[in-house]
Amino acid sequence: MTKVGIIQYPGSNCEFDTLHILKDVLHVDADLIWHKSGDISSYDAFIIPGGFSYGDYLRAGAIASKGSIIEKLKVESENGKPILGICNGFQILVESGLLPGSILLNSSTKFICRWVQIRMENEKASIGRKIPKGTLLRMPIAHKEGRYYVDKDELIQLRKKNNIVFRYVVESTDGAVESSPNGATDNIAGICNDAGNILGMMPHPERASESLLDPVGSLDGLKLFRSLLSLI
C-alpha cells in the first residue's frame, strides 16, 4: 500500500493541511513523521510542508536542515524515493544542499500572501510528470523569505540541466508573461535535483486542493499531488 510521510518540525504549520488532502481528499495512507523519528524506510514518498521551522531563526530552514532526519531523507532520495518540499520545505531542501541555490528575503522585504500563477516548464521532475509542459497552475504563496536566488553561472547550469520546474507568470494580452512576486532569479518558483526525484517549490498546492479554499475552483494543487502519487 502506498504510504506517504509528512515531516513535522517545531514551527511547522501546514502539515495537517497536507495530511488532510492526502488522507481525506485523495484517500492515501499518510502519517506525520516527527523530525527526531527513527527508521523512515517504510514510506514510499516524503513531503516537507510549509511553516516556520524553529521560528525561522538564523535563516528560514537553516536549523531544520541540520537535523538527523535530513540524512535519512538523503538515503531515501538516493534510493529513488520522491521528496516534495513546499515553501519552508523548499527552504529546508536548499539549506541542506539537497537542492541548489539560496532563498532570500523577498525583494519587497514584506510578507506576501496571495494567489499566483505558475507555469510547468519541463517534465524532468518525476513528481510533476503527469502535468504537461506549459500547463498554467493557480496556487497561493505565503512567505517573507521566498526569493529563490542563484548566480549567473548557477543559473546557466540549472537551465542546461533542465532543473527549473516552475516559473511565476501573469496573464497579459501576449499570453502568460514571466513575472515574479518576490524577485526570484529568472522568475523561478520551483526546481528539482539532477535525478528529478526531489522537487522544491514556494507555492502551496495543499491550499489549492479543495473548492472551499480556491475561489476559482481550479484545484490545481491536486494535479501535483496526484502526479506524485502516480510514482508509488
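Laboratory data are not the source of any read-out in this text; all were calculated from the coordinates shown. The shown structure was predicted, so the numbers you read here are calculated from the model rather than taken from an experiment. As a convention, Cβ positions derive from the backbone with ideal geometry for all residues, glycine included, and neighbour counts pool all protein chains shown.
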Practice task
Beta carbons within 10 angstrom, averaged per residue: use that to sort the peptides 38-45, 7-14, 142-149, highest first.
Solution key: 142-149, 7-14, 38-45
Practice task
Can you tell me how much longer the chain between K74 and S179 gets when fully stretched, taken as 0.36 nm per residue apart minus their C-alpha distance, in nm with one decimal?
Solution key: 34.5 nm
Practice task
Extending each Cα 7 Å along its Cβ direction at K161 and S230, get the distance between those two points in nm, one decimal.
Solution key: 2.4
Exercise for the section: Using Cα positions and a limit of under 18 Å, work out the lysines in reach of K152, with same-chain residues fewer than 8 apart set aside. Expected result: K160, K161
Completion exercise
Per the 1/(1 + (r/R0)^6) rule, R0 = 22 Å and r from the Cβ atoms of D39 and S102, FRET efficiency to 0.05 is 0.10
Practice task
Just check the stretch 3-229 against the gyration tensor rule for me: Cα atoms, a ≥ b ≥ c as the square roots of the eigenvalues, rounded for a/c under 1.5, and otherwise prolate or oblate depending on whether a/b exceeds b/c.
Solution key: rounded
Fill in the blank from the handout: Put in order of increasing Cβ neighbours within 10 Å, starting from the fewest, R226, R207 give R226, R207
Exercise for the section: Please sort 180-189, 17-26 by packing, taking for each peptide the average over its residues of neighbouring beta carbons within 10 angstrom, highest first. Expected result: 180-189, 17-26
Completion exercise
Protection proxy (average C-beta count within 10 Å per residue), highest first, orders 49-58, 71-80 as 49-58, 71-80
Completion exercise
Scoring the chain by relative contact order with C-alpha pairs under 8 Å, at least six apart, yields a percentage of 19
Fill in the blank from the handout: Length gained if D186 through F111 is fully extended, taking 0.36 nm per residue and subtracting the Cα-Cα distance, is 25.0 nm
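Taking only DSSP H segments of four or more residues, each worth -39500 (n - 2.57), what value at 222 nm results for the chain once the sum is divided by all its residues, to the nearest 500 deg cm²/dmol?
Working: 5 runs with 45 residues, N = 232.
Value at 222 nm, helices only, nearest 500: -5500 deg cm²/dmol.
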Completion exercise
Treating only Lys and Arg (+1) and Asp and Glu (-1) as charged, each at its beta carbon, one finds that the chain has a dipole about its Cα centre, in Debye to the nearest 20, of 260
Exercise for the section: Please give, to one decimal in nm, the separation of the simple spin-label points placed at D194 and S211, each 7 Å out from Cα toward the Cβ. Expected result: 4.6
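At 0.36 nm per residue, and after removing the present C-alpha to C-alpha distance, how many nm does the segment from E154 to K23 gain when stretched out fully?
43.3 nm
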Handout entry: Spacing of the two label points (7 Å from each Cα toward its C-beta) at S172 and F16, in nm
Key = 4.2
Handout entry: Residue among L224, N106, G200 farthest towards the positive dipole end of the stretch 99-232, charges placed on Cβ
Key = L224
